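Read-outs throughout are calculated quantities, based only on the coordinates presented, and are distinct from any laboratory measurement. Everything numeric in this text was worked out from a predicted model, so none of it was measured. Note: ideal-geometry Cβ built from the backbone for every residue, glycine included; neighbour counts use all protein chains shown.
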Amino acid sequence: MFPGQVIFLCFAVVTGVLGVMVALYEYRRKRFEPEPTEDRVFRCDGCAYVYTDDHDVDRSRCPECGLFNSPFVF
Ligand SMILES: [Zn+2]
């Protein structure tokens, strides 16, 4: 075997191992990271408490004082 072939084989093996490691890391990261939520942000008119609720909720009840609030627009 020529030295050039040995060097190429080593390079190919290292590149392949790195590729598999990156693929596994990406797979695990995607599996464990939570999906980005599109929850609405609410700010209570009564006690100024900031909280979130589902994106399909128009008016949400404040968990602190029970007042119903509209979504907070930034
Ligand atoms: Zn409140």
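Observations
- In order along region 10-16, the Karplus-derived 3J(HN,Hα) couplings, from 6.51 cos²θ - 1.76 cosθ + 1.60 at θ = phi - 60°, round to 4, 4, 5, 5, 4, 5, x Hz, and Gly and Pro are given as x.
- Spin-label model, Arg61 to Phe74: label points 7 Å out along the Cα-to-beta-carbon direction sit 2.8 nm apart.
- Fully extending the segment from Thr52 to Met1 would add 11.8 nm, taking 0.36 nm per residue of separation and subtracting the current Cα-Cα distance.
- In units of the rule-of-thumb radius 2.2 N^0.38 Å, the chain shows an alpha carbon radius of gyration of 2.31.
- For region 24-68, GluC sites (Glu not before Pro) are listed when DSSP marks them as loop and at most 14 other Cβ atoms sit within 10 Å of their Cβ; the list is Glu38, Glu64.
- Loop-located trypsin sites (Lys or Arg not before Pro) across region 19-60 with a Cβ neighbour count of 13 or fewer within 10 Å are Arg59, with loop assigned by DSSP.
- When the helices of the chain are scored as -39500 (n - 2.57) per DSSP H run of n ≥ 4 and the total is divided over every residue, the value at 222 nm lands at -14500 deg cm²/dmol.
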